[in-house]
1. Indicate the gyration tensor shape class of segment 29-241 (rounded, prolate or oblate), computed on the Cα atoms with a ≥ b ≥ c the square roots of the eigenvalues: a/c under 1.5 is rounded; otherwise a/b larger than b/c is prolate and the rest oblate.
2. Would you mind counting up the charge near G443? Only other residues with Cβ under 13 Å from its Cβ, with Lys and Arg at +1 and Asp and Glu at -1.
3. So what are the ³J(HN,Hα) numbers for segment 282-287, from phi and the Karplus equation (6.51, -1.76, 1.60; θ = phi - 60°), rounded to whole Hz, Gly and Pro as x?
4. Among Y329, G153, L235, which residue has its Cα positioned farthest towards the positive end of the charge dipole of the chain, with +1 placed on the Cβ of Lys and Arg, -1 on the Cβ of Asp and Glu, and the dipole taken about the Cα centre?
5. Is segment 132-239 rounded, prolate or oblate when judged by the Cα gyration tensor, a ≥ b ≥ c being the square roots of its eigenvalues, rounded requiring a/c under 1.5 and prolate requiring a/b larger than b/c?
6. Residue by residue through segment 348-359, which ³J(HN,Hα) values in whole Hz follow from phi under the Karplus form 6.51 cos²θ - 1.76 cosθ + 1.60 (θ = phi - 60°), with glycine and proline marked x?
7. Would you mind working out the accessible area per residue for the chain, using a 1.4 Å probe, and quoting it in Å²?
8. Net charge around I291, counting only other residues with Cβ within less than 14 Å of its Cβ (Lys, Arg = +1; Asp, Glu = -1)?
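The values are calculated or read from the model by the stated rules, or taken from the named source; none is laboratory data. The shown structure was predicted, so the numbers you read here are calculated from the model rather than taken from an experiment. Note that each Cβ is placed from the backbone with ideal geometry, even for glycine, and that neighbours are counted across all protein chains shown. Ligands, DNA and RNA are excluded from the accessible area calculation, which covers all protein heavy atoms including side chains. Shrake-Rupley method; radii C 1.70, N 1.55, O 1.52, S 1.80 Å.
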Amino acid sequence: MAMGQNAVTPIEVSSNNNLCGVLSGSGDKSISHRALIIAALSAGCSRLTGLLVSDDVRCTIEALRQLGIWISESNGNSVLVHGAGIGGLTDPVGPLNLGNSGTAARLLMGVVAGNPITAVFIGDESLSGRPMDRVVKPLSDMGASISLSEGGGLPATVRGKNSLIPIEYHLPVASAQVKSSILLAGLHCPGVTSVTEDRLTRDHTENLLAKFGADVQVEALNGGRQVYVSGQPELISQDLVIAGDPSSAAFPIVAALLTKNSEVCVKGVGVNRSRMGLFDCLKEMGADLQIISRGAAGGEPIADITARTSALKGINVAADRAPSMIDEYPILAMAAACADGVTVMQGLGELRVKESNRFTSIVEGLTKCGVKVEEKGNVMTIVGGGGRARWRDMPKIRTHGDHRIAMAFFVMGLTCPQPIMIDDMSMVATSYPGFTDDMALLGVRL
Ligand code: S3P
């Protein structure tokens, strides 16, 4: 079966309590993509340990191989990347298939733009429908020639150049993918490229570029920042350990909070400020969370996070928190549905252009579960049921092929005496291939 085309796997999830155990967090997806790409642009051989080996990250590995990078997989989650240096990529023989991965597609467009090569980018149905004009605009300003499908998505053809023009770009939407695409293209410019963001989005690209020896400067600007990268550096290979993924750890952690007599610890989770929005919200909701610092991995702070059964209450989540928890709204919505009181989440426009339209996927699924949920513009309001059973017939949840919708409703299914049916769990391989095994390890009976 082709990559990203896993057999559809429906699952029935029913009430489970007493979740207990310790999980070793799986590698961060965002950092894994970036570490592979930046290692490929470096001189020498980098060893990446703790890499997330998921369908999304495999797409980046295979695309880089097609672009002439030699990557060897030694054992499980460790790889060696033999970098070609800035501007050292070669023409791929076929299209680059980025599967379900927006990060892989957008970041690699920035890299290909700075090489004198032509590459066709393709993806699955979900990725093909996602907006690519947000990276095409700045990359075109830098001198790349990019054509998109009629709908503004993939397939895209990127014709790169070996000398792009540096730009100063103000992000119209808070997007770490767009920021990273421009910074990676900026590595190929003679001069300084800068990106201004009104709110901090995940800063792993900046951190890793600095670690590999690039000149990256950051200036704080009331609430946001301007990031500068000097072009044409010589990046030096590194041995890196990848931090655990807070976006994946979120699922077992919220499962522990919502089920009775539970205590779960996830070890080595990345706790970079730009990713902590969910944990801030959960604490405000009254969650019993213990976050114990364990130093750093690959330049990113890590911690062991322990969650215990908690009675949560509804909160107001302001729009400016969205960049720090953009992937966590599906699981926050489940916590809100089980909390006492009303939760209001504002500024959710970007949820509509993720792996599915997550706004409607959440509203549709929660409504089937008997939860009162209201949509007004980009604001979602959820009336919590205080942890009580809310439905009689088994709700059938449509995931729309979205890994985080699948995992969020799986957790929801654990909280209630009546089972729910989830139409497909196969897509969890996108970001958290060990999800059902980890849940079984914690005692979930399937
Ligand atoms: C990501 C950034 C986010 C996030 C995505 C991963 C990244 O997207 O939703 O899952 O690795 O940069 P945007 O930056 O487009 O919001």
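1. Values: a/c = 1.34, a/b = 1.08, b/c = 1.24.
Rounded is the answer for segment 29-241, as its axis ratio a/c remains below 1.5.
2. -1
3. 4, 5, 4, 7, x, 5
4. Farthest towards the positive end: Y329.
5. Note, shape of segment 132-239 comes out oblate.
6. 9, x, 5, 4, 7, 10, 9, 4, 9, 6, 5, 4
7. About 35 Å² of surface per residue is accessible.
8. +3
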